[in-house]
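For reference, the structure is listed below as structure tokens.
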Amino acid sequence: MCYRKSKYGDMLLVHYDGFLETNGTRFHSSRNQGDKSPVWFTLGIREVIKGWDKGLRDMCTGERRKLTVPPSLAYGKEGKGKIPPSSTLIFDIELMEIRNGPRSHESFQLMDLNNDWKLCRKEVKDYLKKEFEKHGYSPNDTEHESMVEDIFKNEDEDKDGFISAREFTYQHDEL
């Protein structure tokens with residue numbers, strides 16, 4: 001049974017194997033590292049390739065997923081390390097754990113431009129846009145709106161159309 005699905009802003013712990021689609025060569029595995037450690041990252045903030053940020057949403061702990069990631073959502077025309085330019089990648093991913101992402105009063109203040117102690121959709125949208133631009137990523141309008149809606153769906157506990165400082169700062173579980 002799935003009690004919680006992954007969403008943007010969550011911290012995920014995954015084991016994975018990555019393969020080149022062209023010949024099946026494994027280019028990386030969290031299971032074959034020296035310490036065989038799974039990997040932690042925050043979903044949706046470009047800590048990982050775009051294909052993972054898109055493909056690992058709505059996952060349950062214990063779920064395994066096979067992602068086929070085109071070059072445009074991976075390493076593009078440049079490639080990286082053992083990954084040749086313009087490569088489609090295949091990932092076998094197992095979600096080990098989901099945790100609430102980092103929250104702080106300081107990050108709330110960065111978003112709350114009018115200092116009214118609540119975030120409207122525009123403030124969240126503008127903040128996300130700036131953060132993505134800092135990392136060289138610009139989601140299309142549909143993707144950007146989807147992120148904002150996902151955030152409000154999960155964070156606006158009283159459903160008043162705003163995320164209060166309390167709703168933002170204190171971790172809570174979804175119902």
Completion exercise
Per the list (1) closer than 19 Å to Ile151 by Cβ; (2) modelled with pLDDT of 95 or more; (3) assigned to a strand (DSSP E or B), residue check on Trp52 breaks on (3)
Exercise for the section: Determine the pairs where a residue that is closer than 25 Å to Tyr75 by Cα, located within region 119-140, has a partner that is small (Gly, Ala, Ser) and surrounded by fewer than 17 Cβ atoms within 10 Å (Cβ to Cβ) with Cβ atoms under 8 Å apart, the partner being 6 or more residues away or on another chain. Expected result: Lys129/Ser138; Phe132/Ser138
Problem - Selection status of Leu119, under 23 Å from Leu56 (Cβ atoms) and hydrophobic (A, V, I, L, M, F, W, C) - result: no
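Of all residues in region 35-88, count the ones that are of a type in the set (A, V, I, L, M, F, W, C), closer than 18 Å to Leu12 by Cα and touching a residue at least 12 places away in the same chain (Cβ under 8 Å).
11
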Exercise for the section: Quick one: in region 54-96, of everything that is under 16 Å from Asn23 (Cα atoms) and β-branched (Val, Ile, Thr), which residue is farthest from the chain's Cα centre (by Cα)? Expected result: Ile83
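Residues checked against (1) among the aromatic types (Phe, Trp, Tyr); (2) out of contact with any Leu (no Cβ under 6 Å at 6 or more places or on another chain):
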residue: Tyr3; (1), (2): yes, yes
residue: Met11; (1), (2): no, yes
residue: Tyr16; (1), (2): yes, yes
residue: Thr22; (1), (2): no, yes
residue: Arg31; (1), (2): no, yes
residue: Lys36; (1), (2): no, yes
residue: Trp40; (1), (2): yes, no
residue: Arg46; (1), (2): no, yes
residue: Ile49; (1), (2): no, yes
Handout entry: Glu123 being at pLDDT 90 or above, assigned to a helix (DSSP H, G or I) and touching an Asp or Glu at 6+ places or on another chain (Cβ under 8 Å)
Key = yes
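Among the residues of region 8-16, is any buried (at least 17 other Cβ atoms within 10 Å of the Cβ) and under 17 Å from Ser87 (Cβ atoms)? Talk me through it step by step, then tell me what you get.
We begin by selecting, within region 8-16, every residue buried (at least 17 other Cβ atoms within 10 Å of the Cβ); these are 8-10, 12-16.
Filter once more, so that each one left must be under 17 Å from Ser87 (Cβ atoms): 16.
Yes.
The values are calculated or read from the model by the stated rules, or taken from the named source; none is laboratory data. This structure is a prediction, so every number in the text was calculated from the model and none was measured. We place every Cβ from the backbone using ideal geometry, glycine too, and count neighbours over all the protein chains shown.
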